[in-house]
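Quick note: the coordinates plus some simple rules give every number you see, no bench work behind them. Because the structure is a prediction, the values reported are computed rather than measured. Reconstructed Cβ throughout: ideal geometry from the backbone, glycine too, with neighbour counts over all protein chains shown.
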Ligand SMILES: C[S@@+](CC[C@H](N)C(=O)[O-])C[C@H]1O[C@@H](n2cnc3c(N)ncnc32)[C@H](O)[C@@H]1O
């Protein structure tokens with residue numbers, strides 16, 4: 001097996017150490033209806049999933065505790081959940097047994113999924129590969145995994161959240177531009193002064209468009225999510241008031257072109 005890139009090793013170790021903090025939220029999400037992102041936008045507002053997924057092969061790239069996979073399975077899809085963290089997958093497997101959905105779980109990097117070309121009709125990521133994988137590796141990989149006409153939908157923090165994050169990693173985000181926008185790519189939070197983390201990725205919007213075009217994806221939709229009026233407090237370093245002024249999260253919906 002080829003050696004994993006540094007950011008994948010760092011993020012695997014980070015998530016194995018953090019997995020226990022995500023089990024309760026995972027249990028809740030498995031039991032509930034689809035809600036997305038840090039403010040829990042209902043599926044009816046953001047439309048990440050096809051209403052009927054019967055007959056579709058679906059993959060979740062960076063599935064964590066696997067609730068996105070569960071929601072796709074309940075819509076009728078045959079689902080594979082991929083994650084690099086054995087500890088996260090242990091929770092996903094346990095919840096799958098409890099809910100009886102029969103999802104396939106694969107421990108692997110979403111940048112190199114051990115499945116043949118054209119294995120899936122639909123690929124999903126919510127804060128999985130979407131932020132923890134290098135877009136120049138995982139977007140071509142998602143394209144490889146999808147069949148003609150297949151769709152990739154992913155939700156991630158926006159470039160706004162990245163450029164408004166103080167350079168020393170202090171939380172929360174500010175109303176100032178704290179980092180350059182041009183050149184945005186790898187965000188290393190290991191030495192952050194508040195809540196040190198792993199290595200994340202974010203791109204300028206024009207770079208996303210160029211990457212999609214280069215690998216053969218056509219953009220179907222792009223959403224900039226706004227915190228709901230009733231949201232309060234600070235979640236994951238994002239104050240609700242800030243997320244009503246700036247889109248802290250974004251959704252890309254792309255389709256294999258041609
Ligand atoms: C925040 S969780 C995403 C799952 C779920 N949607 C959520 O928000 O809880 C992030 C997941 O990405 C996984 N991850 C990080 N790097 C990865 C990689 N290279 N390949 C696959 N999964 C990865 C982590 O192990 C973790 O389970």
Seminar exercise, completed: Calculated from DSSP helices alone, with each H run of at least 4 adding -39500 (n - 2.57) and the total divided by the residues of the chain, [θ]222 nm to the nearest 500 comes to -9000 deg cm²/dmol
For this session: Just rank 136, 14, fewest to most, by other beta-carbon atoms within 10 angstrom.
Result: 136, 14
Exercise. What's the exposure ranking of 143, 190, going from fewest to most Cβ atoms within 10 Å?
Worked result: 190, 143
Exercise. Roughly how many whole Å is it from the C-alpha centroid of the range 152-180 to that of the range 51-111?
Worked result: 29 Å
For this session: Quote the FRET efficiency, to the nearest 0.05, computed for residue 213 versus residue 119 with a Förster distance R0 of 30 Å and r equal to the Cβ-Cβ distance.
Result: 0.85
Problem set entry | Mean Cβ count within 10 Å, highest first, over the residues of peptides 123-133, 39-49 | 123-133, 39-49
Seminar exercise, completed: Length gained, residue 181-residue 112, 0.36 nm per residue minus C-alpha separation, equals 22.0 nm
For this session: Run the quick spin-label model on residue 244 and residue 190: label points 7 Å from Cα toward the beta carbon, then report their separation in nm to one decimal.
Result: 3.9 nm
For this session: Compare 57, 121, 13 in a GNM of the chain, Cα atoms joined below 10 Å, and give the one with the largest fluctuation.
Result: 13
For this session: Between residue 147 and residue 21, with labels modelled 7 Å along Cα→Cβ, what's the label distance in nm to one decimal, could you check?
Result: 4.0 nm
For this session: Give me 53, 18, 72 ranked fewest to most by other Cβ atoms within 10 Å of their Cβ, as a rough exposure proxy.
Result: 18, 53, 72
